[in-house]
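Structure, as structure tokens:
All of the numbers you see were taken from the coordinates with simple rules; none came from a lab. What you see is a predicted model; the values in this text were computed from it and never measured. Because the Cβ atoms are built from the backbone with ideal geometry, glycine has one as well, and the counts that use them run over all protein chains shown.
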Amino acid sequence: MEYRFIKVERDELIATIRFNHYEKRNALSESLIAEMEHALIQFGQEDIRALVLRNDQKRSVWSAGHDIKELPRANIDPLPADDPVMVLLRSIRSFRAPVIAMVDGTVWGASTDLIMSCDIAIGDYDCSFAITPAKLGLPYTASGILHFMSRMPLNVVKEMFLTADPIGPSRALQIGILNHLYLSHDLESKTYQMAKTIAQRSPQANSVLKAQAQMLSDAAVLNPAVFEHLQTLRRNVFRGTDYREGITAFLEKREPVFHQAE
């Protein structure tokens with residue numbers, strides 16, 4: 001496959017996927033995700049002990065999140081299980097080798113969930129993280145919220161979702177989004193030092209540990225009645241006026257005007 005929106009490379013036991021679509025601020029478009037999925041499948045068939053996910057060049061934005069132009073305007077679930085972004089998050093979480101996010105810019109929306117789906121996140125002082133469905137009137141998925149709850153205190157998760165405001169680098173380290181925070185000139189070397197350390201360990205043990213940790217963090221079981229209730233709550237939102245207004249306002253490059261909840 002010829003890659004247009006990412007770059008891939010391998011150095012012995014370490015693989016790297018680099019975002020390379022700056023015209024769209026590395027938004028998680030269907031085209032970019034298709035290339036990432038292909039690369040993950042290819043690397044999954046090789047003896048890869050660690051995978052680094054990063055930008056190809058340092059820019060102010062690491063990734064702008066879900067490509068808003070690819071979201072439905074109204075009345076349809078914007079984040080079904082087969083949405084490319086949701087599929088990508090599962091692919092990252094199920095990739096057999098540890099995935100390290102190297103973050104040197106701002107991270108928005110679903111791309112923050114992508115960071116949460118990686119096993120380790122390392123950033124510099126130019127990074128920040130915002131989860132922004134409240135700006136779009138978009139009902140986020142229960143699984144996505146669980147990704148955040150498995151990494152951070154519930155009150156912090158609520159703050160991030162309710163305000164949609166960015167979390168800066170120092171606080172991101174404090175609350176568990178980042179494992180490590182470095183100066184920009186040290187970020188790359190420290191990230192690959194971590195990757196090399198992991199690559200020297202037992203790949204079988206690490207693969208099982210990752211799978212165990214994943215299953216345990218996802219172990220919260222919802223009975224069918226609760227799941228159906230949550231889906232009903234989400235459906236009421238994406239069929240409501242706020243979601244339509246949020247998407248329209250974003251595309252028109254203006255602030256949305258939301259209405260009182262019914």
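Within segment 207-218, identify whether any single residue is farther than 18 Å from residue 114 by Cβ, buried (at least 18 other Cβ atoms within 10 Å of the Cβ) and in contact (Cβ under 8 Å) with a residue 12 or more places away in the chain, and answer yes or no. No: zero hits. Scanning segment 101-111 for residues that are buried (at least 24 other Cβ atoms within 10 Å of the Cβ) and touching a residue at least 60 places away in the same chain (Cβ under 8 Å), we see that the one that is nearest to residue 16 (Cα to Cα) is 102. The residues of segment 105-144 that are in a loop (DSSP other than H, G, I, E, B) and not aromatic (Phe, Trp, Tyr), listed by number, are 105, 109, 118, 119, 126, 127, 131, 132, 137, 138, 139, 141.
Within segment 145-169, being surrounded by fewer than 18 Cβ atoms within 10 Å (Cβ to Cβ), over 22 Å from residue 234 (Cβ atoms) and touching a residue at least 40 places away in the same chain (Cβ under 8 Å) holds for one residue alone: 168. Any residue in segment 5-23 that is of a type in the set (A, V, I, L, M, F, W, C), free of Cβ contacts under 8 Å to residues at least 60 places away in the same chain and closer than 23 Å to residue 146 by Cα? No, segment 5-23 contains no residue that is of a type in the set (A, V, I, L, M, F, W, C), free of Cβ contacts under 8 Å to residues at least 60 places away in the same chain and closer than 23 Å to residue 146 by Cα.
Residue by residue, here is whether (1) among the charged types (D, E, K, R); (2) closer than 29 Å to residue 136 by Cβ; (3) in contact (Cβ under 8 Å) with a residue 40 or more places away in the chain holds:
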position: 182; (1), (2), (3): no, no, yes
position: 188; (1), (2), (3): yes, no, yes
position: 192; (1), (2), (3): no, no, yes
position: 196; (1), (2), (3): yes, no, yes
position: 205; (1), (2), (3): no, no, no
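In segment 6-44, which residues are over 22 Å from residue 192 (Cα atoms) and more than 17 Å from the chain's Cα centre (by Cα)? 22, 23, 38 - these are the residues of segment 6-44 that are over 22 Å from residue 192 (Cα atoms) and more than 17 Å from the chain's Cα centre (by Cα).
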